[in-house]
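The structure appears right after this line, and notes come after that.
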Amino acid sequence: MTIAPGIGGAETVIFYGGSHAVFNHFHPTLQLIGGRGTLISADPGVPALYGMAVHGTMWGALNGFLHAAALLSSEGIEVKRFLDDAGPSVAALLASFPMIADEVDRGEYATPYGALQHHRPSVEDLVRESGARNIDVAFPGYTLGLVNKAVEDGHANDSYSRLIEHFRKQ
């Protein structure tokens, strides 16, 4: 996945679907388009689904970051400074994705730490503090609604990955 200027770069990721033999035959040429091109499925539609998954992750992360930026800047805090100071925390969040993916793939959400009941007060704080600073609360409010529903449905001791069930039901 890349934007137009990235085409042809050694680190450019392009997802391919289709015949393994055809991919192998054209692999040297395809590497000219994107050095990290990968055949992910015999089904030619799967690369488009991968693209949508990357976009969904990207927009969710960007919206969360921009909400955080609005919150910080409302107090005169430079967003770049926040990134300098909180970089390890943000990196740790991304590093947790494989664990979350494993829980989702297994359909097992019980957790010894970080249960939804422990997320809820922090999300409530985020909604309250955002509103107090005249920052739009729709984004964290949506998250709070998801967490509240899962807790009300008896999943207070499950990990955040439990929320996949909300999205699957839609």
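The values are calculated or read from the model by the stated rules, or taken from the named source; none is laboratory data. All of these numbers come straight from a predicted model, not from anything done at the bench. Glycine gets a Cβ as well: all are built from the backbone with ideal geometry, and neighbour counts include every protein chain shown.
In this structure, does Thr57 turn out to be closer than 30 Å to Asp158 by Cα, β-branched (Val, Ile, Thr) and loosely packed, with under 13 Cβ neighbours inside 10 Å?
The answer is yes for Thr57.
Which one of these is farther than 30 Å from Phe23 by Cα and over 13 Å from the mean Cα position of the chain (by Cα): Asp43, Asp105, Asp84?
When all the criteria are applied, what remains is Asp84.
Listed here are the residues, each with its yes/no results for (1) loosely packed, with under 12 Cβ neighbours inside 10 Å; (2) more than 17 Å from Gly64 (Cα to Cα).
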site	(1), (2)
Ala86	no, no
Asp102	yes, yes
Tyr113	yes, yes
Leu116	no, yes
Gly141	no, no
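If you go through the stretch 33-57 one residue at a time, how many are among the charged types (D, E, K, R) and part of a helix (DSSP H, G or I)?
0
So which helices (runs of 4 or more DSSP H) stay within the stretch 58-170 end to end and still have 2 or more residues that are basic (Lys, Arg)?
Those helices (runs of 4 or more DSSP H) span 79-95, 116-132, 164-169.
Which residue pairs have Cβ atoms under 7 Å apart, sit 6 or more places apart or on different chains, and have a first residue in the stretch 148-170 that is within 19 Å of Ser122 (Cα to Cα) and free of Cβ contacts under 8 Å to residues at least 40 places away in the same chain and a second that is polar (S, T, N, Q) and assigned to a helix (DSSP H, G or I)?
Val151/Gln117
Going through the stretch 100-132 one residue at a time, which ones are out of contact with any helix residue (DSSP H, G or I) (no Cβ under 6 Å at 6 or more places or on another chain), of a type in the set (A, V, I, L, M, F, W, C) and free of Cβ contacts under 8 Å to residues at least 40 places away in the same chain?
Of everything in the stretch 100-132, those that are out of contact with any helix residue (DSSP H, G or I) (no Cβ under 6 Å at 6 or more places or on another chain), of a type in the set (A, V, I, L, M, F, W, C) and free of Cβ contacts under 8 Å to residues at least 40 places away in the same chain turn out to be Ala101, Ala132.
Would you mention how many residues in the stretch 68-81 are over 21 Å from Ala95 (Cα atoms) and surrounded by 11 or more Cβ atoms within 10 Å (Cβ to Cβ)?
Looking only at that region, the number is 9.
Could you identify the single residue in Pro88, Pro44, Pro98 that is of a type outside the set (Asp, Glu) and either over 25 Å from Val123 (Cβ atoms) or touching a strand residue (DSSP E or B) at 6+ places or on another chain (Cβ under 8 Å) (or both)?
Result: Pro44 is the single residue among Pro88, Pro44, Pro98 that is of a type outside the set (Asp, Glu) and either over 25 Å from Val123 (Cβ atoms) or touching a strand residue (DSSP E or B) at 6+ places or on another chain (Cβ under 8 Å) (or both).
Looking at this structure, is Leu30 surrounded by 15 or more Cβ atoms within 10 Å (Cβ to Cβ), on the phi < 0 side of the Ramachandran plot, part of a helix (DSSP H, G or I) and at pLDDT below 95?
So Leu30 passes the test.
Is there any pair with a first residue in the stretch 81-93 that is farther than 15 Å from Ala61 by Cα and a second that is surrounded by 10 or more Cβ atoms within 10 Å (Cβ to Cβ) whose Cβ atoms are under 7 Å apart and which are 6 or more apart or on different chains, and what are they?
That search, which allows pairs on different chains as well, returns Phe82/Leu72.
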